[in-house]
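The values are calculated or read from the model by the stated rules, or taken from the named source; none is laboratory data. Everything quoted here is computed from the prediction, not taken from an experiment. As a convention, Cβ positions derive from the backbone with ideal geometry for all residues, glycine included, and neighbour counts pool all protein chains shown.
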Amino acid sequence: MSPEPKKRVSQAQIAREAGCSQALVSLILNGRTKGIARKSLENVRRIAAQHGYSPRGMKLDELNSSEHIKTVGYILRSPLKLANKSNFFSHIHQGLHEHLSERQIKTVYLGSEDDFQNDTQSVSEHLPKTIKAVAVMGQVNSHLLEELRLTGKPIIYISARATGKCHSVLSNEADSAELLVDHLHQLGHRSFAWIGGTPSGRREERLSALKTALEQRELRLEPEFDIATIEADRNQGFEAAQRIHETVTSKGLPMPTAWIGFNALMARGAINYLFQNGFRIPGDISFAAFDMTRVCTEERPEITSAGSDPEKIGREAGRIILQAIEEETESLCDLTLPTYLCVRDTTAAAKPVTASI
């Protein structure tokens with residue numbers, strides 16, 4: 001017995017779901033666009049497509065063609081690519097994707113900052129017609145940012161700021177530094193070490209905020225314990241800890257008891273080195289990081305950290321960019337999210353300062 005044919009949805013039902021008149025639905029589904037609000041136009045077409053509605057004289061493919069699909073493209077800062085995208089930006093993308101997909105908007109990867117460096121084509125030639133806005137994840141060179149602005153599409157900077165040039169959303173790094181230093185200071189720590197990340201604006205902002213928080217407590221970060229790195233991964237964290245240990249040993253200095261990492265990946269690498277060389281965490285050294293990604297909690301010990309929820313940063317970026325698309329306003333939003341502290345396994349009360357192991 002053959003199955004019964006699927007019942008064809010009526011224009012009246014589409015009108016009820018869209019919250020508009022049947023007359024308006026009829027106009028839209030018969031190809032009328034002039035004088036109809038874009039939001040109503042797209043809403044009716046979307047509902048019709050979901051029900052498989054195909055009006056006379058118009059194919060469903062025409063309603064659901066690529067011209068009507070909205071996408072937001074995203075670009076990763078150098079040297080990141082899809083294959084080595086950081087945990088931080090993975091969380092960001094998750095939040096961005098969730099917020100936009102709830103509103104039938106897709107996200108698409110446009111490439112890394114490096115992909116645009118030596119390309120003779122303009123940025124506009126790289127963007128598909130369906131791209132309505134661009135999210136830039138991390139600080140990129142000013143030339144690329146200016147090229148993106150020339151496309152005339154809304155741009156949002158995530159975890160970076162270009163005041164007066166585009167929208168931005170980022171974490172309050174000063175608050176994060178204050179929370180971390182205050183926590184460690186209250187535990188009795190007076191000797192601090194910093195293992196830094198990639199040479200970008202975010203590293204400098206975090207390091208400056210850390211030094212300010214220490215100065216407010218009449219403390220300072222000794223040059224021997226201020227370690228700059230090329231990347232911000234486990235290997236670099238391991239090597240940074242090794243450098244501090246070798247300096248302490250060669251100069252006969254006491255080991256700093258409070259360490260702060262640029263992110264949790266670097267903290268993991270440093271903690272591995274310290275464990276391998278007989279240090280106890282947090283018995284001998286307390287460790288904390290600027291981070292709120294899964295890296296903090298996916299292994300033991302879990303890392304004490306401070307920062308903003310990166311998925312919330314992504315969702316806020318989605319909210320801002322969606323508003324920019326719908327309202328077509330020239331005003332720019334520069335949003336800084338509050339931060340919070342999560343105390344975990346890697347911090348404890350300071351022990352009396354002793355010579356290096």
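Table for the structure above
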read-out: Residues satisfying the stated conditions in region 113-170, i.e. touching a Pro at 6+ places or on another chain (Cβ under 7 Å), surrounded by fewer than 22 Cβ atoms within 10 Å (Cβ to Cβ) and either not in a helix (DSSP H, G or I) or not charged (D, E, K, R) (or both); value: none
read-out: Selection within region 311-354 - out of contact with any Gly (no Cβ under 6 Å at 6 or more places or on another chain), touching a residue at least 24 places away in the same chain (Cβ under 8 Å) and among the hydroxyl-bearing types (Ser, Thr, Tyr); value: Thr336, Tyr340, Thr346, Thr347, Thr354
read-out: Close pairs from region 203-218: first in contact (Cβ under 8 Å) with a residue 60 or more places away in the chain, partner assigned to a helix (DSSP H, G or I) and aliphatic (A, V, I, L, M), Cβ under 7 Å, at least 6 apart; value: Arg206/Ala177
read-out: Elements of type helices (runs of 4 or more DSSP H) in region 1-66, at least 1 residues being modelled with pLDDT of 65 or more; value: 11-18, 22-29, 38-50
read-out: Residue, farthest from the chain's Cα centre (by Cα), within region 232-257, restricted to residues that are in contact (Cβ under 8 Å) with a residue 60 or more places away in the chain and in a loop (DSSP other than H, G, I, E, B); value: Gly252
read-out: Test: residue in region 207-225 that is in contact with a Lys or Arg (Cβ under 9 Å, 6 or more places away or on another chain) and buried (at least 22 other Cβ atoms within 10 Å of the Cβ); value: no
